[in-house]
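The values are calculated or read from the model by the stated rules, or taken from the named source; none is laboratory data. Computed from a predicted structure; not experimentally measured. No Cβ is skipped: glycine too gets one built from the backbone with ideal geometry, and neighbour counts run over all protein chains shown. The area values use the complete protein model at the heavy-atom level, side chains included, leaving out ligands, DNA and RNA. Shrake-Rupley method; radii C 1.70, N 1.55, O 1.52, S 1.80 Å.
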Amino acid sequence: MSSNESTKLLWTAVGAAIAGAGVAVAVLKYSPARYSAPKDEEPSFPPLHQKRTSFIYENNASSSNSVIFPHNHEERMRRQITARAAVEEDNFMPRDSVTVRVPATSANMGPGYDTIGMAVDLWSEVTVERADTFEITAEGEGATEMPKDETNYMVIGCKAAFEAANKPLPILKYHVFSRVPFARGLGSSSAAIVAGIIAGLILAGHRLPCWGSEALLQIAAGIEGHPDNVAPVIYGGIQVGIHNGTRWVTERVPCPAGLQLVMFIPDFIGKTSDARSVLQPTISREDAAYNISRVAFLVHALCVGNLDNLKWGVEDRLHQPQRGGKLYKYLYPMIEAAENAGAACAYLSGAGPTVMAITAGASGDIFAQREKERSDLAVAKAMRQAAKEFGVQGQVVVTNVSNEGARVVKVVPPFSTGGITYRDNI
Ligand SMILES: Nc1ncnc2c1ncn2[C@@H]1O[C@H](COP(=O)(O)OP(=O)(O)OP(=O)(O)O)[C@@H](O)[C@H]1O
Ligand SMILES: N[C@@H](CCO)C(=O)O
């Protein structure tokens, strides 16, 4: 290379470096990538009448094409939300009628008292619509037992949604087709609460902040008092929830594929309030350590898919011994019978009286699995036999974990419009 050529190259390099630095300074100075909400401040959604596209980039609405640095995932999230909010804006107008599907849930999973819960593939469908007179009608599980007045959790949930929307509760009529066993330890109250809240929000045309806030979870857990049922109703799968001193937070625990749920559901009702009243007010340090170890084992077993460890992971000293001793004498014999028949584990579902056994099948629907891979029939028989020995009548239901939580299945007028069709044409 001649000295002329190398001088030229040197100047080109210097020029490029200066230009690059200039661009970088400009980007740093003007890019929304610099925008950050004050620490710990949650992004709040503007009232409906404001254009959502402007609230994030108020100072620079056209800057959405500027550079996002690789580490700036918060900025990326902001932009995604902005784009989505613009598309969805039309969907947040008041509606006349809405239908929501909500799953059953199995809380505690043994030691995770008031903390862990799993969505069960067994669904209720709740329709709420504007009407001239208040009415609740029900068919299916608990149709005759559930309250038909304002104490019904569907109404309480709806009311909370309209309060969040800062709107008066209109006259509504409710219909539920319930497949979630009523007051049996499978989360019938949480399913009703979440269905009511979601229906209310959609009827009111109200949007809740979700990212970093999960306002729906806050309202639902606030009504229920703990997140172990409401979190899996909302989000599906297996959830572990805490209150961090400020708000409820829940995280999904990975769920091994192909788990089958074999549930012995007694014919009698067991109210959670009654099942809580038999618990001791305090526990020993030894029992606390026991439960901590079991919860850790349970979550680890689920994370790594080690089903052999589940039977240790569901052990508990906080509530099952007391409830088994005072209310459900069949509990421990049934757990033993289920595990002896091949269940990976068994525990008291929620506050009872249902006993939940988990068996391992191959992935795919039960009917696509080889007989040899399934132990649900043997487990079901063993549970029925144990119940018989205690004179307890009931039914066995076999289903799966649901990875999906509550979903809206019908809206009037619909979300889908000429240009965009949402799933199920809702
Ligand atoms: N729509 C509703 N569906 C079911 N239960 C309702 C509803 N509205 C109010 N309730 C009341 O909730 C109670 C049932 O909830 P409870 O917490 O006792 O059981 P669960 O939610 O089925 O079981 P768990 O919480 O142990 O999983 C009943 O006393 C019932 O009166
Ligand atoms: N964690 C609750 C479950 C029922 O809501 C209990 O065991 O009482």
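Some points to look at:
- For Asp316, no residue has an amide H sitting under 5 Å from its own, ignoring neighbours fewer than 5 places away on the same chain, with H placed 1.01 Å from N.
- Packing, taken as the mean count of other beta carbons within 10 Å per residue, orders the peptides 285-296, 233-244 from highest to lowest as 233-244, 285-296.
- Residue ranking by accessible heavy-atom surface, 1.4 Å probe, largest first, among Ser375, Ser273 comes out as Ser273, Ser375.
- Rounded to the nearest 10 Å², the accessible area of Asp308 at probe 1.4 Å: 110
- By a 1.4 Å probe calculation restricted to protein chains, Met93 has an accessible surface near 80 Å², given to the nearest 10.
- Ranking Phe367, Phe268, Phe162 from most to least accessible surface, computed with a 1.4 Å probe over the protein chains only, gives Phe367, Phe268, Phe162.
- Computed packing ranks the peptides 336-343, 321-328, 111-118 as 111-118, 336-343, 321-328, most packed first, by mean other Cβ atoms within 10 Å.
- Under Karplus coefficients 6.51, -1.76 and 1.60, residue-wise ³J(HN,Hα) of segment 121-127 in Hz, glycine/proline x: 6, 8, 10, 10, 10, 10, 10
- Average accessible surface for segment 294-426: 48 Å² per residue, computed with a 1.4 Å probe over protein heavy atoms with every protein chain in place.
- Each residue of segment 191-196 was assigned a 3J(HN,Hα) from its phi angle through the Karplus expression (A = 6.51, B = -1.76, C = 1.60, θ = phi - 60°), giving 4, 5, 4, 5, 4, x Hz with x at Gly and Pro.
- Segment 259-400 shape via C-alpha gyration tensor axes, a/c threshold 1.5: oblate
- Among the listed pairs Lys329/Lys381; Lys173/Lys410; Lys271/Lys329; Lys173/Lys271; Lys167/Lys410; Lys329/Lys388, those beyond 20 Å (Cα-Cα): Lys173/Lys271; Lys167/Lys410
- Relative contact order (%) - criterion: Cα under 8 Å, at least six apart; region: segment 311-426: 19
- Tensor-based shape of segment 136-274 (alpha-carbon gyration tensor, a/c under 1.5 rounded, otherwise prolate or oblate): oblate
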